[in-house]
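This report refers to the structure that appears directly beneath it.
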Amino acid sequence: MKLKKLLKQCLSSGCSGTIRFVHEGRRGSMHLRDGQLLHAELGGAEGEVALFQMLEVPEATVVYDTVSEVAPATVYRTVEELLGVTVKKASPPRGLFVPPHYGELVTALAQAESVILLSHIRPDGDAYGSTLGLGLSLLALGKRVRIFNRDGLNSLYRFLPRAELIERTPARLPEADLLVALDTSTEERLGLGDSLRPAVSVSVDWNIDHHASNTGYGRRQFVDPSQPAVAGVVTDLIAEARWPLTAEVATALYVGLLTDTGSFRYRGTSPHTFDQAALLVAKGADPAELAKQCYQNISVARFKLQQRALANLQFEFGGALTHTTLTPADFTESGALVEDTEGIVETGLAISGTELAALFELKDDGGLKVSLRSKGRVNVSELALEFDGGGHPGAAGIGFKTDGAAARERVLARLRKEFV
Ligand code: AMP
Ligand code: MN
Ligand code: MN
């Protein structure tokens, strides 16, 4: 089928998926999802044309683009010519790096015999679920896979299939063909300390993420902020590559999707997210069992820490801003661990009229960890970036190594500015 006809047909019936094409000797691709043209790219000379699932697209909007060889204006013009529509141009979010399409990532992983998967310090369900899901699929393909996390496996996620594969990061990383980071917005959050120094010639080959604040570290990046979880990126990757999607892979990925979407409640949860969930459940993920494991499985110590955090909750501006602070004594007296704070900050948003919730954790060493959550009016990712933190518009964090008490005051003063 002629490309122009194919694209016209695709637009008139609407579509969601990836279209790859060759136009005037140039390879290109477009990613369409849920009524938006997410990403368009023109590149080299070879290519193929592929059309996936047909759905409705009312209007084509280029949300972002990254172009290696061709100026963005040329891409917009070409897309307009090819599709015969006017393209809305939105500026790319800060720090966004998107490779042409899954193809290059698929090829890189397919060619590697040994792969190391890394994710961020203080790991959450998505950090574990995305690395374990990808790792188990690559293992089923016969590759050698190691999954490392600086903080190892925490007790809440021991139920994950083959959880023993998640190892504490060794002081020196072993040799591997490919080093892949998942769900980690900055290289520092990999917690590798000095082991990434060029002197030992170790560096991240692929940076796979969904944080718009991703700094673009590593040799290649695959950052898709339209995905509410990296587990979703991995689900699409495995589906596109037709790699093994066993019940264990599906279970790990479902946990990433479930936890990072706050049980499919947060902004960013799209029709595509439910397609992914449907696929994972069809492949063997058990929604009732996994909800129980993720949300009704906490230790008494963690519950006691939550009680203390709630007892200390402060209300400002008629409850529009809520915040609470945990001290080292709260941890020792409740017997809780640092990882036991997961979920506490969200509770501060439960109240009607609350827009912004903050959790401050003062550390023994004088440092401070800040967690921010927003119902939508305030972009907490931008707020966190002002203090060298990061995250998503609805969920972000900041770390301070020293002067925690003073830093807490500075952050609080900044938060209050949103309401005066
Ligand atoms: P948390 O409050 O730790 O649950 O983090 C919320 C979100 O912000 C997550 O997506 C984290 O990846 C991100 N985040 C947390 N702390 C930092 C930080 N110090 N720098 C950059 N991103 C962060
Ligand atoms: Mn995460
Ligand atoms: Mn994530």
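Here L160, L173 are screened, and the one residue that is modelled with pLDDT under 95 and farther than 15 Å from P244 by Cα is L173. Within segment 112-144, the only residue that satisfies the criterion of being out of contact with any helix residue (DSSP H, G or I) (no Cβ under 8 Å at 6 or more places or on another chain), of a type in the set (S, T, N, Q) and more than 16 Å from ligand 1 (Cβ to nearest atom) is S114.
Considered as a group, the residues in segment 197-220 that are surrounded by 23 or more Cβ atoms within 10 Å (Cβ to Cβ) and of a type in the set (S, T, N, Q) include one that is modelled with the highest pLDDT, and that residue is N207. Among all positions in segment 114-131, there is at least one residue which is part of a strand (DSSP E or B), of a type in the set (S, T, N, Q) and within 25 Å of A395 (Cβ to Cβ). Pairs linking a residue in segment 111-129 that is under 18 Å from V338 (Cβ atoms) to a residue that is basic (K, R) and more than 10 Å from ligand 3 (Cβ to nearest atom), with Cβ atoms under 8 Å and 6 or more positions apart or on different chains, are H120/R189; I121/R150; I121/R189. Looking across segment 151-168, the residues that are away from ligand 2 (no atom under 16 Å from the Cβ) and in a loop (DSSP other than H, G, I, E, B) come down to R158, F159, P161, R162. Based on this model, can you work out whether A231 counts as closer than 20 Å to L156 by Cα and surrounded by fewer than 23 Cβ atoms within 10 Å (Cβ to Cβ)? No, not satisfied.
Confirm whether G376 is within 16 Å of ligand 3 (Cβ to nearest atom) and either in contact with a Leu (Cβ under 6 Å, 6 or more places away or on another chain) or closer than 26 Å to H210 by Cβ (or both). Taking the combined requirement at face value, the residue does not satisfy it.
Residue-wise test of (1) touching a Phe, Trp or Tyr at 6+ places or on another chain (Cβ under 8 Å); (2) part of a loop (DSSP other than H, G, I, E, B).
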| residue | (1), (2) |
| --- | --- |
| G218 | yes, yes |
| Q221 | yes, no |
| Q227 | no, yes |
| A231 | yes, no |
| P244 | no, yes |
| T269 | no, yes |
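A count restricted to segment 201-213 and to residues that are in a loop (DSSP other than H, G, I, E, B) and within 18 Å of H101 (Cβ to Cβ) stands at 2.
For segment 180-194, what are the residues that are within 13 Å of ligand 3 (Cβ to nearest atom) and not in a loop (DSSP other than H, G, I, E, B)? A181, L182, R189 - these are the residues of segment 180-194 that are within 13 Å of ligand 3 (Cβ to nearest atom) and not in a loop (DSSP other than H, G, I, E, B).
Just to be sure, is A301 farther than 20 Å from P161 by Cα, in contact (Cβ under 8 Å) with a residue 60 or more places away in the chain and surrounded by 13 or more Cβ atoms within 10 Å (Cβ to Cβ)? For A301, the condition - farther than 20 Å from P161 by Cα, in contact (Cβ under 8 Å) with a residue 60 or more places away in the chain and surrounded by 13 or more Cβ atoms within 10 Å (Cβ to Cβ) - is not met. Remark: pairs (first residue in segment 136-149, over 13 Å from A252 (Cβ atoms) and in the same structural domain as P161 (by TED's automatic domain parsing); second residue of a type in the set (F, W, Y) and not in a strand (DSSP E or B); Cβ separation under 9 Å; 6+ apart in sequence or on different chains) = L141/W243; N149/Y128. Every test in (1) surrounded by 13 or more Cβ atoms within 10 Å (Cβ to Cβ); (2) in contact (Cβ under 8 Å) with a residue 24 or more places away in the chain; (3) of a type in the set (G, A, S) is passed by A277 save one, and that test is (2).
Looking at V378, is it within 16 Å of L305 (Cα to Cα) and of a type in the set (V, I, T)? Working first, answer last.
Working: within 16 Å of L305 (Cα to Cα): no; of a type in the set (V, I, T): yes.
For V378, the condition - within 16 Å of L305 (Cα to Cα) and of a type in the set (V, I, T) - is not met.
The values are calculated or read from the model by the stated rules, or taken from the named source; none is laboratory data. Please read all numbers here as calculations on a predicted model, not as lab measurements. FYI the Cβ positions are ideal-geometry reconstructions off the backbone, even for glycines, and counts take in every protein chain you see.
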